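Asker: This is the structure I want to talk about, given as structure tokens.
What follows draws every value from the coordinates through simple rules; no lab data is involved. The structure presented is a predicted model; accordingly, all values stated were derived computationally and were not measured. Backbone-built Cβ (ideal geometry, glycine too); neighbour counts: all protein chains shown.
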Amino acid sequence: MKPPLNELVVLSGKGGTGKTSLVGAFAALADNPVLCDADVDAADLHLLLNPRIRERHDFYAGHKAAIDQEKCIRCGECLNWCRFGAIAEELTINPLLCEGCGVCWQLCPVQAVNFPDNLCGEWYISITRFGPLVHARLGLAEENSGKLVTLVRREARRLAEAKGSGWIITDGPPGIGCPVISSLGDATATLIVTEPTVAGQHDLERVAALADHFDLPAFVLVNKADLHKPTAQAIQQFCDHKGYPFLGHLPFDPDFTRAQVEGKTIMEYNNRKLHQLLTEVWERLSAAIQKRKAKES
Amino acid sequence: MIVSVASGKGGTGKTTIATNLAVALDQPVQLLDCDVEEPNAHLFLKPVMEQSTEVYLEVPEIDPKLCTLCGKCQDICQFNALAVLPAMVLTFPELCHSCGGCFLVCPEGAVKSQQRLIGLVETGSRGQVRFAGGRLRVGEAMAPPLIRRVKENIRRGNPTILDAPPGTSCPVVTTLWGSDFVLLVTEPTPFGLSDLELAVGAVREMGLPLGLVINRADLGDRRVHDYAAQERLPILLEIPFDRQVATAYARGELLVETFPAWQQMMKQLYKQILTISGKSDPK
């Protein structure tokens, strides 16, 4: 019988707390996982997993308007319609500011606006030493990151189902906006990696509220906990009080950076203490997620 | 002078630089927190908040008495925020980008204005620093319209510092647009370098001058320095890792107040920004 499929999405709210390093560790610890980098804006997981790209696809989403200057009669109506400030006085459209709403394209009295499909980036299916990786690269200064997140997660799920994998481990984006919301639909659980700082704590509270909003269990782990123990304790109390399962404290350890410099996950770097801590974290986390899933079904 | 502090990778020290720079300048300054998803600048600046304003997006609501189900609103909407059914038009306000297209095309005037709350803009001050920051409503997806509202607080003249969100996509572009200079804060690690390359690409695409701050400069490797040399990117400041600084930051302290050397370091940084951008602040 195939194991039930779980997707764990690793989030943080605040950037730089250690999401990707932990996803790397879980990639090494999970049994037969499919890996997914949903931080399409600033993807980094590939730097630990050294993927060999097997499939490469263009990602088209939305449109960008452009004015055909030969057809334009300079009535200036589009300038009044555009709510995004994308049209300059001289009636040219700045693609960086164009939202792709199509109002100028549809309403131009002489059809002088073109509205081509927008190539926003690329996405890939790769092989890594721990399993397949679905990842992407959003074009510079592009929109539609939410749609690309949805796409890479859908592909990861398809791969996982095809190979009978029990785990998708997804590296999520920072923040709580569009790409984060797209990384949560249909997930099994989220792990929020935070740090013992006023900013880490503040941002944890917001991203945990977002997980609640989507009715998703949120596990919490404090990374670099020894940098400020009182705040690490306060975060643990907050989680106990709010009912977010608390997974523990990880120490600040420059070996995370050293492993990264060598292109390794921390589980492949010689640091027994971290290996033991992370193995325990993964065992508790995976068991808790499986138990919850069993209860649901 | 408008300086955006951005990074690509999160957690490199944007907010630390933005807040300390603002306080160190010893003159009337504006500090705007444009990281509306996870705003943190106020935790360090601790301004006295004066005003909190709810921000709404105009979204459509269809008046069924006037609607003839002609379908023009559905046709113009690129975001699937309106669906014309056999007997009514359904609206999906959370998908609406507020482009106003449906209001313009409805021949019957049946599209009425409704509001969707997207967040708050809070303003306040501390000493010579005027503060404004956005706070996206939890569950709301669209940060750019709120960022635009935060930026409406910019008053030309005094130095203005924008604390940008991480990444390189639309919230970052919305923040950086109109800046005179972009300070990219990075760290010398493979993740830092990879995200720095993306951020540099985005800033160059916007045609803005930029400079680097390398934080925790002694942890990691030399590849960020090599990249900066190769791309001729000026490194304006390098900050070594210091556990005391990390602890002060963790507590929410302003480093310029705890460590006198930071005051001078930030002033010097601003001087360099003025030199490189060839701009000055009116006296």
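Asker: In the stretch B:135-193, which trypsin sites (Lys or Arg not before Pro) fall in coil by DSSP and have 11 or fewer other Cβ atoms within 10 Å?
Answerer: B:Arg155, B:Arg156
Asker: A follow-up question, please. Quick one: helix A:19-29 against the long Cα principal axis of chain A, what's the angle to the nearest 10°, folded into 0 to 90?
Answerer: Orientation of helix A:19-29: about 50 degrees from the principal axis.
Asker: Starting with the fewest neighbours, write out A:Cys104, A:Cys78 ranked by other beta-carbon atoms found within 10 Å of each beta-carbon.
Answerer: A:Cys78, A:Cys104
Asker: Let me ask something additional. Do the alpha carbons of any pairs in A:Lys147/A:Lys291; A:Lys19/B:Lys9; A:Lys19/B:Lys151 sit beyond 19 Å of each other, and which pairs?
Answerer: From A:Lys147/A:Lys291; A:Lys19/B:Lys9; A:Lys19/B:Lys151, over 19 Å: A:Lys147/A:Lys291; A:Lys19/B:Lys151.
Asker: Taking neighbour counts of Cβ atoms within 10 Å as a proxy for exposure, in what order, fewest first, do B:Cys34, B:Cys67 appear?
Answerer: Fewest-to-most Cβ neighbours within 10 Å comes out as B:Cys67, B:Cys34.
Asker: Using a Gaussian network model on chain B with a 10 Å cutoff between Cα atoms, which of B:Thr68, B:Thr189, B:Thr19 fluctuates the most?
Answerer: In this elastic network of chain B, the residue with the biggest mean-square fluctuation among B:Thr68, B:Thr189, B:Thr19 is B:Thr68.
Asker: Enter the Cα centre distance for the pair the stretch B:137-159 and the stretch B:20-76, rounded to the nearest angstrom.
Answerer: 5
Asker: Next question, about the same structure. Could I get the Rg over Rh figure for the protein assembly as shown? Both from C-alpha atoms, Rh via Kirkwood, rounded to two places.
Answerer: Using Cα coordinates only, the ratio equals 0.97.
Asker: Here's a follow-up. What ranking of A:His275, A:His46 emerges when the number of other C-beta atoms within 10 Å of each C-beta is taken as an exposure proxy, fewest first?
Answerer: Ranking A:His275, A:His46 by Cβ neighbours within 10 Å, fewest first, gives A:His275, A:His46.
Asker: With the contact rule set at Cα under 8 Å and sequence spacing of 6 or more, what percent relative contact order holds for chain B?
Answerer: About 28 percent, as a whole number.
Asker: Normalised by the residues of the stretch B:64-109, what does the relative contact order come to in percent, with Cα pairs under 8 Å and at least six apart?
Answerer: Relative contact order, the stretch B:64-109: 41 percent.
Asker: Using Cα pairs closer than 8 Å and at least 6 residues apart in sequence, work out the relative contact order for the stretch A:65-115, in percent.
Answerer: 50
Asker: Would you please put A:284-293, A:22-31 in order of how densely packed they are, using the mean number of other Cβ atoms within 10 angstrom per residue and starting with the highest?
Answerer: Most protected by this proxy first, the peptides run A:22-31, A:284-293.
Asker: Oh, and also: For the peptides A:241-253, B:204-216, B:20-32, what is the packing order when you average, over each peptide's residues, the other Cβ atoms within 10 Å and list the highest mean first?
Answerer: B:20-32, B:204-216, A:241-253
Asker: Taking each residue of A:170-180 in turn, how many C-beta atoms of other protein chains fall within 10 Å of its C-beta, and what is the average?
Answerer: Counting Cβ atoms of other protein chains within 10 Å of each residue's Cβ and averaging gives 6.
Asker: Next question, about the same structure. Roughly how big is the stretch A:65-115's charge dipole about its Cα centre, with Cβ charges of +1 (Lys, Arg) and -1 (Asp, Glu), in debye to the nearest 20?
Answerer: Approximately 100 debye in magnitude.
Asker: Divide by every residue of the protein assembly as shown the summed helix terms, -39500 (n - 2.57) for each DSSP H run of at least 4, and state the resulting mean residue ellipticity at 222 nm, rounded to the nearest 500 deg cm²/dmol.
Answerer: Per the formula, -10500 deg cm²/dmol.
Asker: On to the next question. What are the lysines whose alpha-carbon lies under 20 Å from the alpha-carbon of B:Lys267, with same-chain residues fewer than 8 places away excluded?
Answerer: The reachable lysines, counting only those whose Cα sits under 20 Å from B:Lys267, are B:Lys14, B:Lys279, B:Lys283.
Asker: GluC sites (Glu not before Pro), restricted to the stretch A:121-190: which are DSSP loop and have at most 15 other Cβ atoms within 10 Å?
Answerer: Qualifying residues, ordered by number: none.
Asker: Report, please, the projected area of chain A averaged over directions, based on the convex hull of its C-alpha atoms, in nm².
Answerer: 18.2
Asker: Along the positive direction of the dipole of chain B (beta-carbon charges: Lys, Arg +1; Asp, Glu -1; about the Cα centre), which of B:Gly252, B:Met266, B:Gly134 reaches farthest?
Answerer: B:Met266
Asker: Another question about this same structure. Count, for each residue of B:94-107, the Cβ atoms from other chains sitting within 10 Å of its Cβ, then give me the mean as a whole number.
Answerer: 3
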